[in-house]
Amino acid sequence: MSDYFKKKFWKHINRRSLNNWYKRNFSSPSPEFVKHQVIKKYNLQKSLWIETGTYYGDTTKILSDIAEKVISIELDKRLYDLAIKKFENSKKVNVINGESQNLLEDILKNESYKNLCLFLDAHTCLDHITNKLISKNETLETPIIIELNIIENYIKKFNNVNILIDDIRLFDGKTKNYPHINEIVDWARKNNSSWFIEHDIFIINYKAN
Ligand SMILES: C[S@@+](CC[C@H](N)C(=O)[O-])C[C@H]1O[C@@H](n2cnc3c(N)ncnc32)[C@H](O)[C@@H]1O
């Protein structure tokens, strides 16, 4: 397909999200296709990608195009079953059912990749298809701090680590049980990592000395 038609096609498939974003005066959250560009930008060569919170596997699919291997963790059994079906022919994608805070440590302990990317997106959310709230633990809206503590224990195993934390607009100290963004900044500083924000995604970049 020529670039001209690729562009036309791209505009056509994303027209609804673009219109909605325009109506929201380009405020956060950015549409999914924009977030996916950020994810692609922070991919590391020959890396393992870990996603927490598979949901309907849209980002998992993007990761499967750029990663050497993808491990995606989903708490909800129905969504897990759908993802297993969706990726049944993919040799790269491994979907696991359970809580990311219980599974992450074993993954980090056992994987031997030198470059690691994480998309941390596990949190309570409203399923837009069933209209039901997906939550196991009502007091823990997001396991992000537990996930970061686990990553901290294993970070030195890797040469390069990019951690992408989605929905950073919610880390305002007022939204349910979300930690304040300062806690995330402190974590990055403590782990000698640089950090920045693009399109509602907090990005932490760690490089071994
Ligand atoms: C916002 S959605 C994830 C969206 C997905 N990453 C994407 O980009 O398309 C959040 C998902 O996290 C899942 N979830 C919530 N708490 C979790 C936990 N502790 N461990 C794993 N998954 C969890 C929910 O069931 C839901 O599917």
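The values are calculated or read from the model by the stated rules, or taken from the named source; none is laboratory data. This is a predicted model, so every value here is computed, not measured. Please note: Cβ atoms are built from the backbone with ideal geometry, for glycine as well, and neighbour counts cover all protein chains shown. Just so you know, the surface numbers come from the protein's heavy atoms only, side chains and all, with ligands and any DNA or RNA stripped out. Shrake-Rupley method; radii C 1.70, N 1.55, O 1.52, S 1.80 Å.
Things to note:
- Per the listing Asn137, Asn162, Asn192, the residue uniquely surrounded by fewer than 16 Cβ atoms within 10 Å (Cβ to Cβ), more than 17 Å from Pro29 (Cα to Cα) and at pLDDT 95 or above is Asn192.
- Some residue of segment 144-157 being surrounded by fewer than 20 Cβ atoms within 10 Å (Cβ to Cβ), assigned by TED's automatic domain parsing to the domain that holds Gly53 and near the ligand (Cβ under 10 Å from one of its atoms): yes
- Comparison of Ser100, Ser64 shows that the only residue that is in contact with a Pro (Cβ under 9 Å, 6 or more places away or on another chain), among the hydroxyl-bearing types (Ser, Thr, Tyr) and either modelled with pLDDT of 95 or more or closer than 23 Å to Lys46 by Cα (or both) is Ser100.
- Among the numbered conditions (1) on the phi < 0 side of the Ramachandran plot; (2) open to solvent by less than 50 Å² (accessible area, probe 1.4 Å), the only one that Asp200 does not meet is (1).
- For beta carbons closer than 7 Å, sequence separation of 6+ or different chains, a first residue in segment 20-40 that is within 13 Å of the ligand (Cβ to nearest atom) and in a loop (DSSP other than H, G, I, E, B) and a second that is open to solvent by less than 60 Å² (accessible area, probe 1.4 Å) and among the small types (Gly, Ala, Ser), the qualifying pairs are Pro31/Ser17.
- When Met1 is tested against (1) of a type in the set (A, V, I, L, M); (2) part of a loop (DSSP other than H, G, I, E, B); (3) within 19 Å of Ile204 (Cβ to Cβ), just one condition goes unmet, and that condition is (3).
- Residues that are touching a residue at least 40 places away in the same chain (Cβ under 8 Å) and surrounded by fewer than 24 Cβ atoms within 10 Å (Cβ to Cβ) within segment 57-70 comprise Thr59, Ala67, Glu68, Lys69, listed in sequence order.
- Residues in segment 97-124 that are within 11 Å of the ligand (Cβ to nearest atom), buried (at least 16 other Cβ atoms within 10 Å of the Cβ) and not in a helix (DSSP H, G or I): Asn97, Glu99, Phe119, Leu120, Asp121, Ala122, His123, Thr124.
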